[in-house]
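Notes to accompany the following structure.
The values are calculated or read from the model by the stated rules, or taken from the named source; none is laboratory data. Here the structure is a predicted model, which means the values were calculated and not measured. Because the Cβ atoms are built from the backbone with ideal geometry, glycine has one as well, and the counts that use them run over all protein chains shown. The accessibility values were calculated without ligands, DNA or RNA, using every heavy atom of the protein model including side chains. Shrake-Rupley method; radii C 1.70, N 1.55, O 1.52, S 1.80 Å.
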Amino acid sequence: MSNGELKVSKIRNGTVIDHITAGMAPAVLKILGIDQGCPDTVIVAMNVRSQRLGLKDMVKVENRVLEAETVKKIAIVAPHATVNIIKDFAVVQKIPVELPHELIGIVRCANRNCITNVERVASYFVVESREPLRLRCHYCETLIEGPYASVLLL
Ligand code: CTP
Ligand code: ZN
């Protein structure tokens with residue numbers, strides 16, 4: 001296109017995760033559980049121009065509705081993402097992802113001796129800072145920072 005904007009197919013029904021931090025689409029696919037494939041249409045764009053972010057990634061998944069836990073995980077790897085719910089080609093809902101103040105059962109504690117790794121206790125992190133991301137284990141006070149959180153996603 002003349003303005004250099006990326007043009008990709010619209011979807012009929014499903015979810016468009018837009019404004020993903022550039023380079024994080026693979027992490028989002030993993031969170032969605034479709035990094036090894038998926039029977040439905042999936043459109044992935046990486047490092048495309050965005051008005052707001054400079055470069056961004058985008059993931060469109062047909063026939064998929066995201067659970068609240070999934071949206072929290074996406075907020076960890078892509079804090080500026082927007083989740084668009086598409087019905088009959090129209091955007092019926094646009095939800096900016098937002099990390100809650102506490103994350104329960106979302107991220108594993110990095111401390112092997114933490115009670116959440118030793119016993120059947122759900123992990124529990126307090127979000128001390130969103131950007132840069134700082135998560136503090138409620139039980140053992142281990143600090144998880146930035147991109148490391150994405151490798152600890154449950
Ligand atoms: N989209 C899509 N299929 C549809 C409708 C929308 O794939 N049937 C995509 C658009 O391509 C866009 C995103 O969903 O990437 C959000 O659509 P829309 O709200 O119309 O775009 P913008 O106004 O540019 O969104 P924002 O303000 O969040 O940047
Ligand atoms: Zn811990």
**Q.** For the range 55-63, 3J(HN,Hα) per residue [Karplus equation, 6.51 cos²θ - 1.76 cosθ + 1.60, θ = phi - 60°, Hz, x = Gly/Pro]
**A.** 10, 8, 10, 8, 10, 10, 10, 6, 6
Q: Would you kindly state how much longer the chain becomes between R52 and K87 on full extension, computed as 0.36 nm times their sequence separation minus their alpha carbon distance, in nm to one decimal?
A: 10.1 nm
Q.
For the full complex of protein chains and a 1.4 angstrom probe, list K10, K94 by accessible area with the highest value first.
A. K10, K94
Q) Which percent of the accessible heavy-atom area of the range 68-154 goes to carbon and sulfur, probe 1.4 angstrom? A) 50 percent
Q. So how long is each side of the range 18-109 along the principal axes, counting just the alpha-carbon atoms, biggest first, in Å?
A. 37, 31, 28
Q: Specify the inter-centroid distance of the range 59-78 and the range 86-149, based on alpha-carbon positions, in whole Å.
A: 14 Å
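Please compute the Kirkwood hydrodynamic radius over the range 43-93, one decimal place, Å, based on all pairs of different Cα atoms.
12.3 Å
For the chain, what is the Kirkwood estimate of the hydrodynamic radius, computed as the reciprocal of the mean inverse distance between distinct Cα atoms, to one decimal in Å? List each step's numbers first, then the result.
Details: mean 1/r = 0.0608 Å⁻¹.
One decimal place: 16.4 Å for the Kirkwood radius.
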Q: Please turn the phi angles of the range 77-91 into ³J(HN,Hα) values with the Karplus equation 6.51 cos²θ - 1.76 cosθ + 1.60 (θ = phi - 60°), one per residue in order, whole Hz, x for glycine and proline.
A: 8, 8, x, 9, 5, 10, 9, 9, 8, 10, 10, 6, 6, 9, 7
**Q.** Ordering of 75-81, 112-118 by packing [mean C-beta count within 10 Å, highest first]
**A.** 75-81, 112-118
**Q.** Accessible surface, 1.4 Å probe, highest first, among residues F125, F89
**A.** F89, F125
Q.
Compute, for the range 5-61, the length of the dipole vector about the Cα centre, with Cβ point charges of +1 (Lys, Arg) and -1 (Asp, Glu) only. Units Debye, rounded to 20.
A. 200 debye
